[in-house]
1. For the pair Gln24/Met54, report the inter-label distance in nm, with labels modelled 7 Å from Cα in the Cβ direction.
2. May I ask you to sort Leu135, Leu67, Leu105 by Cβ crowding, counting other Cβ atoms within 10 Å and putting the fewest first?
3. What ranking do 30-39, 6-15 get when scored by the average of other Cβ atoms within 10 Å per residue, highest first?
4. Near the amide H of Glu41, under 5 Å away, which other amide H atoms are found, from residues 5 or more places off or on another chain, if H is placed in the peptide plane?
5. Which value, in debye to the nearest 20, gives the size of the charge dipole of segment 38-79 about its Cα centre, when Lys and Arg are +1 and Asp and Glu are -1 at the Cβ?
6. What shape does segment 1-54 take by its C-alpha gyration tensor, where a ≥ b ≥ c are the square roots of the eigenvalues and a/c under 1.5 counts as rounded, a/b above b/c as prolate, and the rest as oblate?
7. Between His77 and Arg16, how many nm apart are label points set 7 Å from Cα along the C-beta direction?
8. Give me the base-10 log of I(q)/I(0) for segment 1-93 at each q in 0.12 Å⁻¹, Debye formula, one uniform scatterer per Cα, rounded to two decimals.
Amino acid sequence: MLESKRVLVVVAPFYRDIADMLTQGCVDRLVEAGVETDVTEVPGALELPIAIAMAAQNGRYDGYVALGCVIRGETSHYDTVSNESARGIMSLGIEQGLAIGNGILTVENMDQAYVRADPTQKNKGAGAADACIALIGMRDGAQAAKRSSSFLPDSEHIQMADDTGTTRDV
C-alpha cells in the first residue's frame, strides 16, 4: 500500500542538532515503511505550514511531516511560534484534508528537546512519520469507501456490546 506513496518532510533547522535527530528518526521510519521521501528545509517553525501549503498545490505528495523545535525563552515569542505553527498545521489537515504528521517539539529546555528528538530515546521524528502514514491510510481508506457501493460490512459480521461488555450479533 505505501510503496507507491510519496511524503515531503519539511524541517526547520533552527536547532540543527535537534532537527537532524528528528529528521533521521522520521526518514528512517518512512523508508522502513516503503515510502518515497523528499526532505526540504525552511528557516523556522512558523514557515512549516506555509511550505506544506505551497507544496500541496502541486499534488505531488501523498503526505507531509513537519519537523522542528521551539524552546521556551524569556519572552512570549515561544507562545506565538508554538501556537501558530500548530494552528497552521491543524488548519491544513482539517480544511484541506492533508495527511500531516506534526513533529514540532515544544519544550522548556534543550535537555527535553534532546530526549524527545533522539532516535534511541523518545524518537518523536518517527512518531510524526507514523502519524502521517496513519492519516494517509485513513484518507485513502475513506476514498476507497466512497467509491464502493456500500462501506458497511455484511450484517452477519456486525456485533454490538451491551453495558456488561458482552457482544452479540445484530
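Here, each number is a calculation from the coordinates, and none is a lab measurement. Given the structure is predicted, the values throughout are model-derived calculations rather than measurements. When we count neighbours, we look across all protein chains shown, and the Cβ atoms used for this are built from the backbone with ideal geometry, even at glycine.
1. 2.9 nm
2. Values: Leu135 19, Leu67 32, Leu105 26.
The order, fewest Cβ neighbours first, is Leu135, Leu105, Leu67.
3. On the way: 30-39: 16.4, 6-15: 21.4.
Going from most to least packed, we get 6-15, 30-39.
4. Val11
5. Values: 2 positive and 6 negative charges, 13 e Å.
Taking the Cα centre of segment 38-79 as origin, the dipole is about 60 debye.
6. Working: a/c = 3.70, a/b = 1.46, b/c = 2.53.
Oblate shape, in that a/c is at least 1.5 and b/c is the bigger or equal ratio.
7. Taking the two extended label points, one gets 1.9 nm.
8. Once normalised to I(0) and log-transformed, intensities are -0.38.
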